[in-house]
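One structure is given here, and the rest of the page talks about it.
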Amino acid sequence: MIATIAALLIWGAPAQATAQMPRNVKGTVVDVSGAVLPGVTVEATGTDGTSLATTVSNAVGEFTLEGLPAGPVALLFHLDGFADARATVSDRDQRLVQRLELSSFAETVTVRGAPPPPPPPPPRVLAPVPDHDPASVCGPAKAESIVPAYGTILSARKKETQGLYAAGDEIFVDPGMVNLLSVGQNYVVRRRYSTPLTDSRNPATMGEHTAGLLQIVDVDGASATAVVVYACDEMMRSDYLAPFHPEPVRTPDPAGPPAFDKAAKLLFGAPGKMLGSTNRLLVISQGARDGVQTGQRMTIFRRSRFSPTPVILGDAVVVAVRRESATIRVERATDVIFLGDGGDWVAPQRPAQASR
């Protein structure tokens, strides 16, 4: 009996020692294409999650974990940009090849901001505006009467500091002491300015500049609201309202020889414009009382001190007429056109006169 126990002890001791001997795990880490991956962190953990050993794969993707205990061991492989991988080893001195796949990225972006402002109210509905030639509205003219009392511009309805208006903008109007405004009426917006022209009858001839066309959309006692139909240029506070007389677009009269004996003086142009040129609007010294009519063709010329023959400078067409003056549009110019005292002249062309 004693001998038998002794024999068991002798043969059992090597088996117990073998079960407790440490072991090594070696391997290589590659990607899905088979290329080696250096810098991969490899961690070995026991069945209870305890970390047993950690290493990093070398330049050729190889790693070695030494001194691992017997039994199952879990391996965790980690490299930035790749999905983590896991493997389990249970045999002594195993060598394995572990593949890592690229990780899929997901990103969530949350944007927070103020809610959008409410949409602007729709523009006021305008009553139909008669067809007309805008040049007859926007051009300069000679002031011939007192300033009309239909009202003056106060400010924009939404922005008090706004000074430049476009079609559809709403503005406040002061109707003055006598309210002559009513909804649906159209008015031109004007201001007066001094011209360099002087003579014995008019020591300081005033020009009248039109900035655009308005339509009244609301009248409420001491105030009114108007919508800009169109703007010739900047409308200013204190610009006044004047009646709108639509002048239809006319086909210019046939051309013909000028009647120099019926010539009119070129007075002035728009504010700050001292000279004339092609497409510029200019004011002349004759109007309706002299038989001038819209669509009439004019010859622009210069009188010479050395020759009785005038120097022809270009052609123009009448676009607007008042009682004592008219506005012309220069159609062609071969030289600079001088205005005012000592300036150039215009002569009506005979076919236009004869047809009338």
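The values are calculated or read from the model by the stated rules, or taken from the named source; none is laboratory data. Everything quoted here is computed from the prediction, not taken from an experiment. Backbone-built Cβ (ideal geometry, glycine too); neighbour counts: all protein chains shown.
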Exercise for the section: Answer yes or no as to whether VAL183 is of a type in the set (Val, Ile, Thr), within 37 Å of the chain's Cα centre (by Cα) and either not in a strand (DSSP E or B) or not assigned by TED's automatic domain parsing to the domain that holds GLY342 (or both). Expected result: yes
Exercise for the section: Can you confirm whether the stretch 98-110 contains a residue that is among the aromatic types (Phe, Trp, Tyr), farther than 30 Å from SER325 by Cα and either at pLDDT 85 or above or loosely packed, with under 10 Cβ neighbours inside 10 Å (or both)? Expected result: yes
Exercise for the section: Taking ARG250 as the residue in question, decide whether it is at pLDDT 85 or above and among the basic types (Lys, Arg). Expected result: no
Exercise for the section: Could you tell me whether SER285 is closer than 24 Å to PRO246 by Cα, hydroxyl-bearing (Ser, Thr, Tyr), touching a strand residue (DSSP E or B) at 6+ places or on another chain (Cβ under 6 Å) and surrounded by fewer than 22 Cβ atoms within 10 Å (Cβ to Cβ)? Expected result: yes
Practice task
Inspect all residues belonging to the stretch 265-273 and state whether any of them is over 24 Å from ASP133 (Cα atoms), under 41 Å from the mean Cα position of the chain (by Cα) and not aliphatic (A, V, I, L, M).
Solution key: no
Exercise for the section: Please go through the stretch 325-356 and pick out each residue that is part of a loop (DSSP other than H, G, I, E, B) and either under 39 Å from the mean Cα position of the chain (by Cα) or surrounded by 14 or more Cβ atoms within 10 Å (Cβ to Cβ) (or both). Expected result: SER325, THR334, ASP335, VAL336, LEU339, GLY340, GLY343, ASP344
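Okay, residues lined up against (1) modelled with pLDDT of 85 or more; (2) surrounded by 10 or more Cβ atoms within 10 Å (Cβ to Cβ); (3) in the same structural domain as ASP80 (by TED's automatic domain parsing):
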| residue | (1), (2), (3) |
| --- | --- |
| ILE10 | no, no, yes |
| THR18 | no, yes, yes |
| PRO22 | no, yes, yes |
| VAL29 | yes, yes, yes |
| SER33 | yes, no, yes |
| VAL42 | yes, yes, yes |
| THR45 | yes, yes, yes |
| VAL56 | yes, yes, yes |
| GLU62 | yes, yes, yes |
Handout entry: When residues of the stretch 228-259 are limited to those that are of a type in the set (A, V, I, L, M, F, W, C) and exposed (fewer than 15 other Cβ atoms within 10 Å of the Cβ), the one nearest to PRO351 (Cα to Cα)
Key = ALA255
Fill in the blank from the handout: Only unsatisfied item for THR309, checking (1) under 16 Å from ASP335 (Cβ atoms); (2) crowded, with 18+ Cβ neighbours inside 10 Å, is (2)
Problem - Single match in ALA326, ALA347, ALA320 (criterion: modelled with pLDDT of 90 or more, over 16 Å from LYS142 (Cα atoms) and not assigned by TED's automatic domain parsing to the domain that holds SER145) - result: ALA347
